[in-house]
1. Rank-order 55-61, 16-22 by packing density, defined as the average count of other C-beta atoms within 10 Å over each peptide's residues, highest first.
2. Which net charge results when you count Lys and Arg as +1 and Asp and Glu as -1 among the other residues whose beta-carbon is under 14 Å from that of HIS22?
3. Given 0.36 nm per residue, what is the gain on full extension from LYS54 to LEU23 after removing their alpha carbon distance, in nm?
Amino acid sequence: MKAKVDVQPLVGCELADSFASHLGRDLDAAMAGLTLPWDSGVGEGHVNRIKTLKRQMFGRASFALLRRRVLLA
């Protein structure tokens, strides 16, 4: 079922107009994010873990050690 959404600009509210404009351009992705059962939580968790390790090791060790910690953690 394809829903038709009419995105009308609001007079005098630039922030809302910008949001509505971008939502209208990527409506398929927004509808999929709201209706499909999948999410990106697991992937985001791994990215967060890797970024935390990278911040902890900044300026302390080589890339080889960072790589080893990412793969073993």
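1. Descending mean neighbour count gives 16-22, 55-61.
2. Working: positive: ARG25; negative: GLU14, ASP17, ASP26, ASP28.
Result for the neighbourhood of HIS22: -3.
3. On the way: separation 31, 0.36 × 31 = 11.16 nm, distance 3.38 nm.
Stretched fully, the LYS54-LEU23 segment lengthens by 7.8 nm.
Since every read-out is calculated from the coordinates, none of them should be taken as a lab result. Everything numeric in this text was worked out from a predicted model, so none of it was measured. Using ideal geometry, Cβ is built from the backbone for each residue, glycine included, and neighbour counts are taken over all protein chains shown.
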